[in-house]
Amino acid sequence: MEYSLNVDATNLNGTLTISAPAAGNLTNGDNTLAFANSFGSQSVTEDATDQKLNGTLTVSGEDVAKAAAGNYTGTTTFTISYAAN
C-alpha cells in the first residue's frame, strides 16, 4: 500500500526530518503478519506547501498465504525532529 505524508513548513530555517521504522506487525487476535515500511528517513530543508513524502507498506504474498483469515490491524510511529540552522 502506497501512502504519502503532506508537509507544510513556513519560516523553516533548518531541517525537518520525519522517519519511520522499517518494519512492524499487523495483528488479528494471536495471529500476526509482518510488514515492511519503505519510508525510512526523509528531510525537508526549505519552506514547503503540501510537499509529499512517500512510503510503501508491504506484506509478502507468502506470509499472507500462510496467515489465518481475518482483519489484521497495526500501527507505525513517525518521529519528527527539527534542527535549526
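The values are calculated or read from the model by the stated rules, or taken from the named source; none is laboratory data. Since the structure is predicted, the reported quantities are computational estimates derived from the model, not experimental observations. FYI the Cβ positions are ideal-geometry reconstructions off the backbone, even for glycines, and counts take in every protein chain you see. Please note that ligands, DNA and RNA were not included when accessible areas were found on the heavy atoms of the full protein model with its side chains. Shrake-Rupley method; radii C 1.70, N 1.55, O 1.52, S 1.80 Å.
Things to note:
- Among the protein heavy atoms, those of residue 52 account for about 110 Å² of accessible surface (1.4 Å probe, every chain in place).
- Accessible surface ranking for 18, 80, 1.4 angstrom probe, highest first: 80, 18.
- With contacts taken as Cα pairs under 8 Å at a separation of at least 6 residues, region 1-43 carries a relative contact order of 38 percent.
- Segment residue 45-residue 60, length gained on full extension (0.36 nm per residue, minus Cα span): 2.0 nm
- A 1.4 Å probe run over the chain, with the rest of the protein chains in place, finds 66 Å² accessible per residue.
- Candidate values (1) 63, 35, 15; (2) 50, 18, 17; (3) 46, 37, 14, label of the one derived for Cα extents along the principal axes in Å: (2)
- In range of the label at residue 9: residues from region 26-57 whose backbone nitrogen is under 12 Å from the point 7 Å along Cα→Cβ: 42-53
- Surface composition of region 1-69: carbon plus sulfur atoms contribute 47% of the solvent-accessible area (1.4 Å probe, protein chains only, all chains present).
- Potential lengthening between residue 52 and residue 34 on full extension [0.36 nm per residue; Cα-Cα distance subtracted]: 3.9 nm
- Sum of -39500 (n - 2.57) over DSSP H runs of 4+, divided by residues of the chain (222 nm, nearest 500): -1500 deg cm²/dmol
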